[in-house]
Every structure is written in C-alpha cells, then in structure tokens.
1. Are there any pairs, at least 6 apart or on different chains, whose C-beta atoms fall under 6 Å, with the first in segment 43-57 and assigned by TED's automatic domain parsing to the domain that holds THR161 and farther than 17 Å from ALA101 by Cβ and the second not aliphatic (A, V, I, L, M) and not in a loop (DSSP other than H, G, I, E, B), and if so, which?
2. Would you please name the residue that is surrounded by the fewest Cβ atoms within 10 Å (Cβ to Cβ), looking only at residues in segment 154-173 that are among the β-branched types (Val, Ile, Thr) and closer than 24 Å to PHE99 by Cα?
3. Within segment 303-336, track down each residue that is among the hydroxyl-bearing types (Ser, Thr, Tyr) and either surrounded by 15 or more Cβ atoms within 10 Å (Cβ to Cβ) or not in a loop (DSSP other than H, G, I, E, B) (or both).
4. Could you count how many residues in segment 215-252 are over 23 Å from ASN305 (Cα atoms), in contact with a Leu (Cβ under 6 Å, 6 or more places away or on another chain) and touching a residue at least 60 places away in the same chain (Cβ under 8 Å)?
5. Quick test for you: out of ARG381, ARG404, ARG418, pick the one residue that is of a type in the set (Lys, Arg), touching a residue at least 40 places away in the same chain (Cβ under 8 Å), farther than 15 Å from GLY58 by Cα and surrounded by 15 or more Cβ atoms within 10 Å (Cβ to Cβ).
6. Which of the residues belonging to segment 83-106 are in a helix (DSSP H, G or I) and either within 18 Å of LEU423 (Cβ to Cβ) or in the same structural domain as LEU425 (by TED's automatic domain parsing) (or both)?
7. If a residue must be among the basic types (Lys, Arg) and at pLDDT 95 or above, how many such residues does segment 134-191 contain?
8. If you take the residues of segment 46-83 that are among the β-branched types (Val, Ile, Thr) and modelled with pLDDT of 95 or more, which of them is surrounded by the fewest Cβ atoms within 10 Å (Cβ to Cβ)?
Amino acid sequence: MIIITVEHGLMTTTLIRTSAGIEPASPVGSARWRLPAGLGAIGFLFSVAGSWIPSFWGDEAASVLSAERTLPSLIGMLKNIDAVHGVYYLFLHFWIQAFGASEFSVRLPSAIAVGFVVAGTFVLGRMLLSRNAGIVAALICTVLPRTSYLGADARSYAFATAIAVWITILFLVLLGHRFSSEAARRLAWAGYAVGLAVGIYVFLYLGLLLVVHGAFLVSSRSRREHLKTWVAAAGLAVAAALPILLLGYAQRGQIAFLAHRGYATAHSVVVSQWFGNPFLAAAGWLLLATAAVVTGAAWRRSPGNPPAILLALLWAILPTLALLGLNAATPAYNLRYVSFCVPAVALSLAAGIDAVKTRSARIILLLVLLVLAAPTHVLQRGPYTKDGGSDLAQASAILGRGARAGDAVVFDETTAPRQRPRLALHLYPDDFRGLRDVTLKTPYQARGQLWDTTHALADVTADLATTDRVWLVELRGSPDNVRGTDLSTLESDGYAVVSTQVAHRTIVYALDRRP
C-alpha cells in the first residue's frame, strides 16, 4: 500500500513494501522532484535537438493551417472534420500567434510534452519497481524512436502521452491513499475522471487507458476493493467526454483511408510501432518477454497479488490488441495511435533489465539499447524523414530563390491531400510572396474543410495571357507527373521548359512563354 501524508502543503510518500509491489521513493519536499525534473529536462533536450531540420509534412500541415484560421473558421471546420484534434488545434492557434509557425516553434510544445513524459516515466518506475529502475526507464523512454518522433512532430500525440503517464500516476496514488473523509475520496477520484476526460478530448484513443486501469484492478484481490469507485469515475470520464466521442464517431469517415494503407502489418506492430529498426526491436521484445516471464512467475507464487509492474505490461499490450481487433471490423489502427503507450514500453524494458542479477550486465543491456536506438534517432532528424521524404521546405526554397513577383505558380493536385505540393504555399509563404496562384478556387480559410479547392489548369489558361513565366510544382510519381498533363497543358498554351530542379521527391519546372 502507498501511504501519503501532507506536510506544509507538499506531498510526502512513505516507503512501504506490500504484496501489491508498489514502492514509491520517499524523499521529502521539493527534493523529491529534482531527479524527475532533471530527467525530464534530458528528455526535452534530446527531443528538441534537431527538431527544426525535417520539412513539414501533411499531418503537420493540417495542424498549422487549422491553427492559423480565425477562431470562427476553425470552429466551423471542426464541425465537419478533425474534431478529435480540436483541442490541440485551439492550443496551437494561440501558440502560433505568440511564437510564429516555423518548424522549431510549432514542434517545441511537443518536445516540452516529451519532457513531462520522461519525468512521469521515472516517477512510475520508482513506484512500480525502484528508484534505479525508474532512472533506467526514463533513459529508455528518452531514446526510444517513438518518443523522439513524438518530440519533433506538430501533432497532439506527445500531449496525450504526457496526460496518460500522469493520470496513471494519479491512479496509483489514489489506490493507496488514506483519505480523511468520504468527500475527499470522491473529490480525488472526480479529479481522476476529469483528467481522463481531458485526455480523451486531446486524443480520442486515450480512452483505452480505462481498459488498462480496469484490467489492473481486476487482476488483484487486494485492489478490487477500489473497483466500484473506479467504475464510477470511469463512467464520469466517459460521460464528460461523450460530446467528442459522438463527434469522432460521426466523423469516422476521415480515417477510412486506413483500410487502403496496410498499416496493420507484423512489421508495423513488431518493429516500427516502438523501435524503428529491427535490431532494437529484437532486443526490446526479448526484454519485454523477460519482464512478462518474471511477472508471470511472481503472479503464480501469489495468485491474488501480481507484481505492480503488470500495469506497465498491460498498458504496453492491451491498447494495441484492442485497435488491431477493431481494425478487423473497421479501419482503426495506425502505429501513431498507440504512442501514448510508450512510457509503458520503457517501463517494461526496464523491468526486463531489472530482472538481470548482476549490476554490470544491467548497465551493458541499457547501453546496448541506447546504441541500437541512436541510428534511428539520427535518421529522424534528417531533412526528408517525414512521410517517407516530405520536401516541402526544400521545394519552397527553390521558388524563393528563383521566382519573381508576378510569376504564376501551378501545383500538382492529383496526389493525396497530405502530399500535395500546394501545402508548401501555406507553410512557407515567404517563398511564394508576389506569385499568382492561378488555379485557386476557394481558400481553405473560407471553407469548412481542411484544404483549398482548385480549378483544373486547363480551365484557367486564359488567366496566364499576360504571364511570361510559370512555375509548375509536381510530385515525382504522381498521376499528373507520370502523364505530364499540366506540363502538356502549359506547353500547348505556348510555354517551354527552361529549367527542371528536383528537391527530393518534388520536381519544380520553370516555363517561359515562347516568343
């Protein structure tokens, strides 16, 4: 049991080893938070380093473009699409107004959130295992490729992960706290419910954390006394989150594309989801299996009271199984959707290391994980690492260097919306200043949807009558680029290609009107 007292307004935890196996550390006062704060700072610095290097990609474009709308325009859009990201977009709206929309600026909040994730992972490790195991878990969490990806991505996943880890800490604290009154107990559990509801508004699938917490309670006779209270709190959380749950269901068509992407593969689940490369995945799953075996053996010795680290194992596995099961009936799985489980994976790996008897072997195992994770982290900070090679920044720079005011620009519109070169116009507007967007029909800000609508180039060639130079931005391998439709249209209208420049996967043609 965890016994918590309050002294001078600061929470003090007493070390008690119980059959539940939960053993928090016990420094008193502010000193208790120095180590998690330091580890969180390391996690933040590791994630923020180089976060500005990769070009924006399509999902980040959705974040930035949504956040840059006026509030009425944003609310109007959320009624039709992306309501499940609305809280994050609203936050980012004010953040961008204060700090701008550069890659560094809009990714910085995610790196800060990763700092809280790492700090929370240490606190959980200290509670479930030991202080030293908590340090190991925090370091593993810092370097896991899924974590470093979260810290350099302008999406809500890092926020959801931070909420998940600290709500789980609160959950454990509530299980062991001796309340002074029934009213205090109810208020504390109401806080847990509110926190979970907020998490669901930030990211819908965070509701799967309820499955994890419920399974953990049911696993132990000593914890089942809290089951009735927890069920009431879980019901309150779901009731509070009902509006976003209903909106998410109504807008479920926006993830229908998952059915055609083939995300639910063995490689995605076993390698890409957490580890990023097969060597780290092999080591990681071996340690996870070790933790599971040790936990199972301890559970058999004490059937009514499994080790507390079972919570991490349940958290690492159940949400993925749930989404894969749901995916069999309707599109639901994407490896990013279970990002909020990354602290559990780090804790499980730390438990596997902790099961090794000798200290030197434990240190070697930790170093092996750090070394195996390093190459993937370096690759994630390359300029073209987003979405398999997004180069919107580099393509924009080509126009920024070569285009002149009054030139026209035409974009390939035949690709998936998140890969359309047109996104560069909104993400890097300085490089397009003074250029004429001749195919624009309705700007995204005036619509209740994410993106601009456009005319076919063939329908607006009359608007090019007085234009001497046109820039055509095509995605390599796109239907239009393969068929050369827009290029043929411009050539038929009297233009000739004078230069062809390749950013990475984007081709930029400059065409001048023939005399």
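The values are calculated or read from the model by the stated rules, or taken from the named source; none is laboratory data. Predicted model, so just to flag it, every value in this text is computed and none were measured. Quick reminder, even Gly has a Cβ in these numbers, built from the backbone with ideal geometry, and neighbours come from all protein chains shown.
1. GLY43/GLY115; GLY43/THR142; PHE44/GLY115; PHE46/THR142; SER47/SER148
2. ILE163
3. Passing the criteria: THR320, TYR333.
4. Of the residues in segment 215-252, 1 are over 23 Å from ASN305 (Cα atoms), in contact with a Leu (Cβ under 6 Å, 6 or more places away or on another chain) and touching a residue at least 60 places away in the same chain (Cβ under 8 Å).
5. ARG381
6. Correct list: HIS85, TYR89, LEU92, ILE96, GLU103, SER105, VAL106.
7. 2
8. Residue satisfying both the conditions and the ranking: THR70.
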